[in-house]
Amino acid sequence: MRNNEKPNKKKKQNDKENLKTIILLVLLAIVLAGAVFAYYTNIKEDKNEKELAFTELITSINEGKIEKIEMTTGSAAVKVTLAGEGDEKDREKTVVVPSIQAFMELVQEKVDKDNIQIELIQKPVNPILKISDALFSLLPTILLVVLMLMIFKMQGLGGDSGKVYGGEDGSKPTGVRFNDIAGLDEEKDELIEIVDFLKKPNAYLEMGAKIPRGILLYGKPGTGKTLIAKAIAGEAGVPFISMSGSEFIEMFAGLGASRVRKLFEKAKKMSPCIIFIDEIDAIGSRRTSNSGSETENNQTLNQLLVEMDGFDTNETVIVLAATNRPEMLDKALLRPGRFDRQITIPAPDLLGRENILKLHSENKKFAEDVDFKSIAGDTAGFTGAELANVLNEAAILATRNKHKEITNLDIENAVKKITVGLEKTNRVISDKDKKLTAYHEAGHAVVSKFLPTQTDVKEVSIIPRGLAGGYTMYKTNEDKFYVSRTELLEKMVALMGGRAAEKIALNEISTGASNDIEVATGIAKDMLTVYGMDDSLGPISLKVDDPYELQIFGDKVIDQVGNQIQVLIDNAYVTAQKILTQNMDILDRVAQTLLEKEKITSEEFEEFFKQ
Ligand code: ATP
């Protein structure tokens with residue numbers, strides 16, 4: 001249930017803010033453009049009202065309806081004043097004439113006869129209107145240019161080329177040392193050589209040794225990749241320039257590549273130093289031949305490859321990159337001279353977890369009963385970041401509960417909060433739902449008790465936590481490298497225990513089993529397609545990068561996978577039902593106790609099997 005995705009929060013926040021500003025600017029531009037358009041149209045309408053067609057003018061002159069004619073030198077427009085009462089301004093009209101001379105020839109006789117006033121003006125008709133016309137017609141363009149400039153600025157056209165620690169600009173060094181990293185001893189040993197390289201590059205160069213260029217750190221989010229990269233810089237006392245892969249991804253073509261160029265230029269000036277590119281998969285994914293944004297990404301990646309090839313032998317710049325999706329990377333990145341060293345940063349083992357907990361316990365007050373070894377035992381699979389988070393959550397819970405120190409219970413609750421979510425004691429649940437949850441959880445617990453490979457139950461609860469209506473927690477007693485086929489099959493049986501209990505005890509099934517079903521189906525699928533554990537299919541891997549590759553196996557194999565997934569799930573469900581029907585009395589008692597007490601500890605659970 002744990003969520004291992006740890007997005008680059010800061011970048012996301014920045015992106016959000018940038019997006020907000022862009023949306024605001026676009027809205028502003030639309031509103032302004034709309035206003036300008038409306039204003040402009042108004043003037044036009046106003047102008048239309050004030051305009052008179054040439055033929056109308058001739059008719060009006062012949063009918064004696066014109067009082068005055070103003071003509072402007074060099075203009076084909078004449079201003080006329082209609083005869084009548086009221087303000088003269090309201091009676092003014094503009095007329096475009098083919099030519100002043102032709103017009104005068106046409107109306108001279110009538111003008112003389114009616115004594116129409118004729119005026120010759122030396123300036124253009126209504127010049128103010130002309131200037132504003134020109135200005136208003138340019139305004140949308142001006143606005144657009146301003147908008148584009150602002151977006152470019154936000155996108156960092158000038159170039160944000162990495163956050164620097166320990167540069168000559170007075171920025172602080174990373175300050176991280178190898179002592180700040182718990183566990184990861186082999187990885188540190190491997191990297192100590194890089195520290196030495198950075199400290200005395202000349203000694204290596206004189207010996208004819210080549211400086212390592214790129215080191216790729218693989219590992220789940222939160223395993224300490226950034227920490228270890230910072231520690232190398234800290235130990236060597238060199239500047240650390242860090243940038244995240246996602247910061248290279250830009251809306252405008254060519255910007256990503258230009259940022260890569262700037263980043264390397266900056267690093268060369270600071271040599272010896274370290275460049276750290278986090279989430280390198282964001283730019284280092286396999287290149288495609290498609291167009292659009294992918295071409296932009298390809299350009300960025302190409303630039304990175306060019307820069308990595310372009311170092312002089314005496315430039316002591318080491319590029320460290322981190323990813324948790326190594327399979328996504330373009331093979332060109334891993335060639336010699338580029339990221340030719342790859343180091344896996346694993347989730348910590350039992351001792352590693354204990355040490356990480358101890359390291360992060362500094363500056364916190366703990367009660368006597370806190371046993372980091374036992375907490376480490378309960379947190380198999382947790383990364384360094386998650387363990388740091390456990391202690392932080394525990395400190396928050398202790399403060400909220402007005403404890404003087406952080407107790408073991410605070411830490412246990414913090415672990416549960418992180419794995420299953422916060423306990424929701426106030427949620428109102430109907431008796432029917434409670435009964436269903438009680439049987440469902442009792443089903444998991446009882447079934448797993450009869451499965452030799454499954455670990456002991458640690459706690460069963462029907463108090464909702466996070467999205468779960470209830471939960472069954474199991475003890476973790478060892479760190480394992482391999483999982484056996486029997487263990488996977490029995491895990492599926494334990495998962496099916498919940499649904500099987502609902503059906504047997506209440507003759508009903510519910511949506512509560514959806515997550516169990518999803519996990520069980522995932523296990524079955526992996527057994528067949530990744531681990532080659534199916535006898536009928538044999539040890540083949542159907543893990544492919546592109547679904548089209550599956551075609552080489554033919555429809556028969558694909559059908560067989562589908563059928564076998566169903567067979568595995570069906571078998572697991574039938575086994576779970578069998579165990580429960582043979583132990584109905586225990587299932588009932590566990591469910592009843594859960595309904596009364598809401599929670600059962602591991603000791604209380606074991607009692608049911610002693611009687
Ligand atoms: P991401 O892939 O999400 O960037 P990451 O692998 O780079 O993650 P870090 O950012 O280095 O992980 O680790 C996050 C935090 O977890 C560290 O700042 C540190 O507090 C803690 N941490 C992780 N591993 C260790 C460790 N081995 N020793 C001590 N603290 C650790």
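The values are calculated or read from the model by the stated rules, or taken from the named source; none is laboratory data. For clarity, every value in this text was computed on a predicted model and none was experimentally measured. Neighbour counts run over all protein chains shown; Cβ positions are idealised from the backbone, glycine included.
Results for (1) outside any helix (DSSP H, G or I); (2) free of Cβ contacts under 8 Å to residues at least 24 places away in the same chain; (3) out of contact with any helix residue (DSSP H, G or I) (no Cβ under 9 Å at 6 or more places or on another chain), shown as yes or no for each residue.
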residue	(1), (2), (3)
447	no, no, no
452	yes, no, no
460	yes, no, no
473	yes, no, no
486	no, no, yes
496	no, no, no
509	yes, yes, no
524	no, no, no
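Of the residues 120, 135, 157, only one is in a strand (DSSP E or B), modelled with pLDDT under 75 and either touching a strand residue (DSSP E or B) at 6+ places or on another chain (Cβ under 7 Å) or of a type outside the set (Ser, Thr, Tyr) (or both); which? Walk me through how you get there before you give the answer.
On the way: 135 fails: in a strand (DSSP E or B); 157 fails: in a strand (DSSP E or B).
So the residue among 120, 135, 157 that is in a strand (DSSP E or B), modelled with pLDDT under 75 and either touching a strand residue (DSSP E or B) at 6+ places or on another chain (Cβ under 7 Å) or of a type outside the set (Ser, Thr, Tyr) (or both) is 120.
Within the stretch 527-539, how many residues turn out to be farther than 16 Å from residue 571 by Cβ and of a type outside the set (A, V, I, L, M, F, W, C)? Of the residues in that region, 5 qualify. Given the condition within 16 Å of the ligand (Cβ to nearest atom), farther than 14 Å from residue 304 by Cβ and under 19 Å from the mean Cα position of the chain (by Cα), answer yes or no: does some residue in the stretch 250-264 qualify? Scanning the stretch 250-264, I find no residue that is within 16 Å of the ligand (Cβ to nearest atom), farther than 14 Å from residue 304 by Cβ and under 19 Å from the mean Cα position of the chain (by Cα), so the answer is no. What's the total number of residues in the stretch 188-208 that are farther than 20 Å from residue 175 by Cβ and within 13 Å of the ligand (Cβ to nearest atom)? Residues that pass the stated criteria total 0.
Across the stretch 192-210, what is the number of residues that are aliphatic (A, V, I, L, M) and in contact with a helix residue (DSSP H, G or I) (Cβ under 6 Å, 6 or more places away or on another chain)? Quick ask: steps written out before the conclusion?
Residues of the stretch 192-210 aliphatic (A, V, I, L, M): 192, 194-195, 198, 203, 205, 207, 209.
Those left that are additionally in contact with a helix residue (DSSP H, G or I) (Cβ under 6 Å, 6 or more places away or on another chain): 194-195, 198.
Qualifying residue count for the region: 3.
Restricting 283, 275 to those that are modelled with pLDDT of 85 or more and within 16 Å of the ligand (Cβ to nearest atom) reduces the list to 275. Within the stretch 218-230, the residues that satisfy the criterion of being closer than 22 Å to residue 338 by Cβ and within 20 Å of the chain's Cα centre (by Cα) are 218, 219, 225, 226. Yes or no: the stretch 209-220 includes at least one residue that is in contact with a Leu (Cβ under 8 Å, 6 or more places away or on another chain), outside any strand (DSSP E or B) and away from the ligand (no atom under 16 Å from the Cβ). Checked the stretch 209-220: at least one residue is in contact with a Leu (Cβ under 8 Å, 6 or more places away or on another chain), outside any strand (DSSP E or B) and away from the ligand (no atom under 16 Å from the Cβ).
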